[in-house]
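The values are calculated or read from the model by the stated rules, or taken from the named source; none is laboratory data. These numbers come from a predicted model, not from an experiment. Cβ: placed from backbone, ideal geometry, glycine included. Neighbour counts: every protein chain shown.
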Amino acid sequence: METEKVKCLIVGSGPAGYTAAIYAGRANLSPVLYEGLQPGGQLTTTTEIENFPGFPEGIDGSMLMDNMRSQAIRFGADVRYGVVTGADLSSRPYKLTIDNEKVLACDTLIIATGAAAKYLGLEDEKKYAGQGVSACATCDGFFYRKKVVAVVGGGDTACEEAMYLAGLASKVYLIVRKPYLRASEIMQKRVRENTNIEILFEHNAVGLFGENGVEGVHLVKRLGQPDEQRYDLPVDGFFLAIGHKPNSELFRPYLATDETGYILTEPGSPRTAIPGVFVAGDVADPHYRQAITAAASGCQAAIEAERFLMR
Ligand code: NDP
């Protein structure tokens, strides 16, 4: 298989990957970046980004990512379309297979492959994507001020999202499939004490309806039980908070992860246990998952790569 050697290889094209490419490019590392399956990453699936500093009027998610891409290219990053299909991090140079047809050998590797929000798998989630369906309350909650929203999930994320939305929306329904919450005690207490939040235990969302975007959710209470009940609940927004899946599969034989698959780094740094291999963005971040935090860790990873190469 054809092999190409590079100093700095970046995998992933969200804010973490592109920021790493901007910094690595300016540091003369001639970085090569592979964009992956979804060039631009998760932000290209949202519309307006209102909380990225520097854009007082907000900016379209795809435009923000195009800007970052252009900025990386301006400083010499070689941005390529391609998907990493194999990884061998057993010795340096580290070897990554691209599209099963080419090997990139690199002295430093920045993994910025991101994470994907989990969805229920309903056809209606696709139908109403960007029209009332969201997997990020921090990103989209602002559009539901004084409106009624539903949040699906019973873990810490769902409780956090429900609390956040309760500060904006007029009413939040938390749709929980079990008769109890899985979230930590403190989060459960906060949610229970919030008069804006109503928990619907033993409920499953099975569809959405609406003429112009989401106008409501089809619910089933006690699905499959003899006393099963089906009814429609009017809501303006439908938020998924049933977990994220970090895109770390290829690297798990070499790098430690938590039980969900988030790659573990040295606390507060993008360094891994393998010298010269750094991790940035959501693939290592179960907590913040914001464009700005991903960008910041991409910057840190590139600075680490530069220092590693100097040594
Ligand atoms: P979790 O896996 O903890 O919870 C997922 C929730 O979604 C569960 O209630 C689960 O239900 C529900 N769910 C999953 N699939 C479906 C489905 N198909 N239909 C309906 N409901 C479904 O994920 P989180 O994202 O909440 O948390 C991930 C990790 O991050 C946890 O360890 C959490 O503690 C941590 N975290 C910590 C925070 C903090 O400390 N502030 C904030 C956010 C996350 P069920 O219980 O029935 O399986």
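Being in contact with a Ser or Thr (Cβ under 6 Å, 6 or more places away or on another chain), in contact (Cβ under 8 Å) with a residue 12 or more places away in the chain, closer than 29 Å to Phe308 by Cβ and within 16 Å of the ligand (Cβ to nearest atom) holds for only one residue in Gly261, Gly276, and it is Gly261.
For (1) surrounded by 24 or more Cβ atoms within 10 Å (Cβ to Cβ); (2) more than 27 Å from Ile49 (Cα to Cα), each residue gets a yes or a no:
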position: Leu233; (1), (2): no, yes
position: Gly243; (1), (2): no, no
position: Ala256; (1), (2): no, yes
position: Leu264; (1), (2): no, yes
position: Val279; (1), (2): yes, no
position: Pro286; (1), (2): no, no
position: Arg289; (1), (2): no, no
position: Gln300; (1), (2): no, no
position: Ile303; (1), (2): no, no
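Scanning region 3-26 for residues that are touching a strand residue (DSSP E or B) at 6+ places or on another chain (Cβ under 9 Å) and not small (Gly, Ala, Ser) yields Thr3, Glu4, Lys5, Val6, Lys7, Cys8, Leu9, Ile10, Val11, Tyr18. Taking Tyr173 and the conditions (1) over 24 Å from Thr293 (Cα atoms); (2) without any contact (Cβ under 8 Å) to a residue 60 or more places away in the chain; (3) not acidic (Asp, Glu), which numbered condition does it fall short on, given that it satisfies the others? Going through the list (1) over 24 Å from Thr293 (Cα atoms); (2) without any contact (Cβ under 8 Å) to a residue 60 or more places away in the chain; (3) not acidic (Asp, Glu), Tyr173 breaks only (2). For region 152-199, residues that are within 13 Å of the ligand (Cβ to nearest atom) and of a type in the set (Ser, Thr, Tyr) total 4. Comparison of Ala183, Ala205 shows that the only residue that is without any contact (Cβ under 8 Å) to a residue 60 or more places away in the chain and within 25 Å of the chain's Cα centre (by Cα) is Ala183. Taking the numbered list (1) exposed (fewer than 15 other Cβ atoms within 10 Å of the Cβ); (2) over 21 Å from Tyr164 (Cα atoms) in turn, Lys189 passes all entries but (2).
Given the options Gly276, Gly268, name the one that is modelled with pLDDT under 95 and either in contact with a Lys or Arg (Cβ under 6 Å, 6 or more places away or on another chain) or farther than 30 Å from Ser170 by Cα (or both). The unique qualifying residue is Gly268.
The residues in region 46-70 that are of a type outside the set (A, V, I, L, M, F, W, C) and buried (at least 19 other Cβ atoms within 10 Å of the Cβ) can be counted, and the count is 3.
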